[in-house]
Amino acid sequence: MNPFQYVRPSKQQAAIDAVAKDPTAKFIAGGTNLVDLMKRGVMTPHKLVDINRLPLNKIEQQNNSLRIGALALNSAVAEDRQVREKQPLLALALNAGASPQLRNMATVGGNMLQRTRCAYFYDTTMPCNKRQPGTGCGALEGVNRMHAIFGFSDKCIAVHPSDMSVALVALDAVVQVSGPKGNRSIPFADFHRLPGNTPEKDTNLEPGELITAVDVPDGPFTKHVHYQKVRERASYAFALLSVAAALDIDGSNNIKAARLAMGGVAHKPWRLTAAEQALVGKPATEETFRQAAAVAMQGAKAFKYNAYKLKLGPNAIVQALKTAAAA
Ligand code: SF4
C-alpha cells in the first residue's frame with residue numbers, strides 16, 4: 001500500500017474542502033471497498049478524509065420522503081422500523097448484499113460508490129480502461145461471464161455491483177449532495193453513469209461533492225415487493241443478475257403501479273420503465289409478467305461467456321414479479 005495522509009474532520013465543510021482542494025484525496029467511511037482497492041494498488045489516494053465524525057447517520061421522515069443519512073450503516077437501514085414498513089424493497093435488497101459483518105461496516109453512501117468487481121479492474125497487470133484510461137479492456141475478449149448485457153461501450157463492459165442501488169433506482173430515490181458549489185439533488189437514475197468513452201467515471205458527482213443523504217419518496221409499494229438475486233452461493237456473493245420488483249395491486253388483481261429494475265446487467269442500476277408500463281392496467285398473472293419480461297430484455301446483447309443472462313434475465317423478472325404479487 002502506498003503512503004497516504006489521514007485526516008478526520010468534525011465539520012462537513014472542512015471535509016468537503018479537504019477533498020475539493022486535493023484531486024488525489026478521497027472520502028472514506030466504512031472503507032469496505034476502498035481499503036481493498038488501496039491494498040491492491042488499484043486506487044492510490046494520497047489523502048483519506050475520514051467522514052465518520054459527521055452527523056450523517058439519521059433515518060427520519062421528512063415531508064413525503066424517508067431521508068436516510070449517507071453514514072447510516074447498511075445493517076441499521078435494513079433493520080429500521082420505518083424502512084421495513086414503508087420501503088420493504090430496500091430492506092430486502094440490503095439484506096441480499098455482502099455479509100452481516102460487511103453490512104455492519106458499510107454505509108449507504110459508500111454502497112452507492114463501491115466500484116465494479118470486474119476481475120481485470122482489480123488485476124493491475126491487466127489492461128483496464130476504468131483503472132487506467134487508454135489501456136484497453138481485458139474483459140471484452142476475456143472471461144466476461146459476470147459482465148453487462150445493456151448499456152456497455154467498446155471501452156468498458158463492467159457492471160455496477162450494488163444490490164441496494166437496484167432497489168433505490170426502482171423506488172425513484174433522490175441523492176442529496178453537498179460540495180464546493182453548494183447543495184444539490186440528483187435523481188438516483190442519473191447518479192451513476194454508463195461507461196461511454198469515460199469508464200473511469202462511475203458517477204456524476206463533481207470533484208469534492210459529498211453524499212449527505214438519500215431520500216426515498218413515500219409510495220404504495222409496502223406489500224407486494226421482492227428482490228430476486230441470482231448468485232453462485234447463498235450469501236456473500238455478487239449478483240450474476242438481480243431484479244427489484246414492486247407492485248401495487250387492486251382488489252380485482254389488476255396492477256395499478258409497478259416498479260422494476262435489474263442489477264448485474266449494466267454499468268449502473270438498470271431501471272426497466274418500458275416493462276413497468278407494460279404491467280400497468282393488466283392482471284397480475286404469469287402471462288402478464290412474461291410479456292413484461294420480454295419488453296425488459298429488448299436490446300440486450302451478450303458477450304462470449306455471458307449469454308446465459310439472456311435466458312436468466314426474463315426468468316428472474318417473472319420469478320420476482322410472481323413472488324412480489326404473492327407477498
Ligand atoms: Fe476494466 Fe471495464 Fe474492461 Fe473490466 S470491463 S477490464 S472494468 S474497462
(request) Just one of (1) away from the ligand (no atom under 12 Å from the Cβ); (2) on the phi < 0 side of the Ramachandran plot trips up G151, so point out which. (result) (2)
(message) Checking the condition more than 9 Å from the ligand (Cβ to nearest atom) and surrounded by 24 or more Cβ atoms within 10 Å (Cβ to Cβ), which residue from A98, A91 passes?
(response) A98
(request) Filter segment 112-130 down to residues that are more than 6 Å from the ligand (Cβ to nearest atom) and farther than 22 Å from S165 by Cα, then give me how many there are. (result) 5
(request) Write out, first by first residue and then by second, each pair whose Cβ atoms fall under 9 Å of each other, whose residues are 6+ apart or on separate chains, and whose first residue, in segment 154-165, is closer than 13 Å to N197 by Cα and in a strand (DSSP E or B) while the second is near the ligand (Cβ under 10 Å from one of its atoms) and of a type in the set (D, E). (result) C156/E200
(message) Can you report the number of residues in segment 22-44 which are in contact (Cβ under 8 Å) with a residue 40 or more places away in the chain and charged (D, E, K, R)?
(response) 1
(message) Under 8 Å between Cβ atoms, which residue pairs at least 6 apart in sequence (or on different chains) link something in segment 131-142 that is more than 8 Å from the ligand (Cβ to nearest atom) with a partner that is part of a loop (DSSP other than H, G, I, E, B) and acidic (D, E)?
(response) P133/E200
(request) Collect the residues in segment 99-115 that are in contact with a helix residue (DSSP H, G or I) (Cβ under 9 Å, 6 or more places away or on another chain), touching a residue at least 40 places away in the same chain (Cβ under 8 Å) and in a loop (DSSP other than H, G, I, E, B), keeping them in residue-number order. (result) M105, A106, Q114, R115
(message) If a residue must be touching a strand residue (DSSP E or B) at 6+ places or on another chain (Cβ under 8 Å), assigned to a helix (DSSP H, G or I) and under 19 Å from L66 (Cβ atoms), how many such residues does segment 85-98 contain?
(response) 6
(request) Could you name every one of the strands (runs of 3 or more DSSP E) located completely within segment 185-258 that has at least 2 residues being of a type outside the set (A, V, I, L, M) and touching a residue at least 40 places away in the same chain (Cβ under 8 Å)? (result) 210-217, 224-230
(request) Go through (1) in contact with a Ser or Thr (Cβ under 6 Å, 6 or more places away or on another chain); (2) small (G, A, S); (3) buried (at least 23 other Cβ atoms within 10 Å of the Cβ) one by one and return the number of the condition S162 breaks. (result) (1)
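We did not get these values from a lab; they are worked out from the coordinates using the rules stated. Everything quoted here is computed from the prediction, not taken from an experiment. Counting neighbours? That spans all protein chains shown, and the Cβs are built from the backbone with ideal geometry, glycine included.
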